Structures are given as C-alpha cells and as structure tokens.
Amino acid sequence: MKARTTLYDLLGLTPTASEADIQAAHLRLSRHYQSGNHGLSPVDVDNKLKAIREAVWILADPGRRAAYDAGLARTQPPAPALEPVVEQLLKDPLPLQVEIKAAKRSPLRIMLGVIGTLMIIGMLIQIFFSVFAFRRVASGDGAAEAQQKVIAAERRQMYGDLSEQEIAEQEAAERRQRAESLRRQEEQRAEYARKEEERQRERALQERGYYADRVSSELQQAEESARRKAEYEQRQKEEQQRRAEEEEQRRVQERLARERARLHLNNN
C-alpha cells in the first residue's frame, strides 16, 4: 500500500523538525523551483510553490501544526491484523523447532511435522492475501466517493483548520494576485514597446536630419562649385574680349600708320 504524502514529506522534513528547519526548507525549495533547473511546466511550478507556501503556513504556526499532527495521527492506516501473525510465524516457526528438537521421534515423524508446519504457514499467508484482496475489491465499489474523500482530505491537509469561506477567500486572493501580476507584466511589456517605438521614431528623425544636412551640404557645395565655374568662365570671357579689343586697336593703329605713311609719301 502506498504511503500517504504528508506536509513534512512535501518539505523534505521529519515530524520533529524545528521552525528554523521549516523556514530553511521553504527558502531552499522556493529557490529550487524559481531557478528553472527542474524541468517542470510553469503551471506545475506554480502548484508546487503554492503547496509549499501552504505547508509552511500550517507547520510554522504551533497551534496549526499541533492540530495538523493530531489529525495526521488519527488518519494513519492501521496494520492488517494477520500481518504480525504471519511475520511472527515466518520469523519464529515454533512447531518446527519443537519437532526438530524432539530427539526421540523418528525421521519420518520429523519430516511430517516439517511438512505440516509449512502447510500451516502457507495457509496463513494465503488467508492474509485473500483478506487483503477482498478489502481492495470492497474499497473499489466506492471509488468515486473515496476519491472525493481523498481530495477533501488533501485540501484540508493543505489549508489546515480554515473554514470553506476562508479557503475560498484565500484562493480568490491568490487568483487576484496572479491576475495583478499578469496585468503588471502586460503593462511593463506595453511600456517597453512604447519606449522602443519612441526610440525607433527618434532614430528615424535623426537619420532624416542627418540626410537633410548631408543633402544641404552637398547642395551648398554644388552651388559654390557652380558659382566658381561661372566666375571662371566670366573671367575667361572678359579676358578674351579684352584681347579682342586690344587686337582690334592694334589693327586700327596699324592702318592709321599706313595711311599716314601713304599720305606723307604723296605729299613729297
């Protein structure tokens, strides 16, 4: 038969553990399940931590612990009545020893005595297992009711001497705490997303500002280059015009000089 799991088993302690041992076990188990090195799902971890908190809440208080220990002692299953008898017969087969020690009996009587003793032991063992199987079959008829009783006992074991209303209020408070925690997490994620969007927008504005400054600088450079080119072309044009005027004046001076020379020759 499977042994019943108690609050002490849940915390890995013995019924003689002190309050310091209980608090140390609470801290150790909480760190273990919150570390992520357990391979359990978040739902299982939440259930484990909840059961651990309830166990500490009951065992850390002397009054609640005394009531729990008293209820635990009352619910311990009694041992089957035939089991001590069988164990005693297996450990100490008195009829066998009496027959063996009888020195005056013949070997045949000794052998018959041994066989008879073994048969008695076999019958007792068979009766024990028959009674045990009958009890299991009888308990299977009310499986649903027994399951409900087990669930109720486990719930009572978890919450101690709290009333149904107090248990419902505590569970509602825990649900509100989980809902509040989820709401805060959602708000934190929304705030992070908003800040990230603002950073992206500021980065885009900065990049557009850098691009506008670069375009403006390139336009200024292009305008300056065009202005310098225009000034250079204007100087070249003025220089060509000046040279053309000087060449025209030189030709005029040469014509005038030839005319004077011709007039002077005609006068002579």
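The values are calculated or read from the model by the stated rules, or taken from the named source; none is laboratory data. Keep in mind that this is a model prediction, so the values were computed, not measured. Ideal geometry is used to build each Cβ from the backbone, glycine not excepted, and the neighbour counts take in all protein chains shown.
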In segment 17-47, anything of a type in the set (S, T, N, Q) and assigned to a helix (DSSP H, G or I) is listed as Q23, S30, Q34, N47
Checked segment 23-53 for anything among the polar types (S, T, N, Q) and loosely packed, with under 12 Cβ neighbours inside 10 Å; matches are Q34, S35, N37, S41
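Going by what's in this entry, would A20 be described as hydrophobic (A, V, I, L, M, F, W, C), exposed (fewer than 10 other Cβ atoms within 10 Å of the Cβ) and modelled with pLDDT of 90 or more?
In short, yes.
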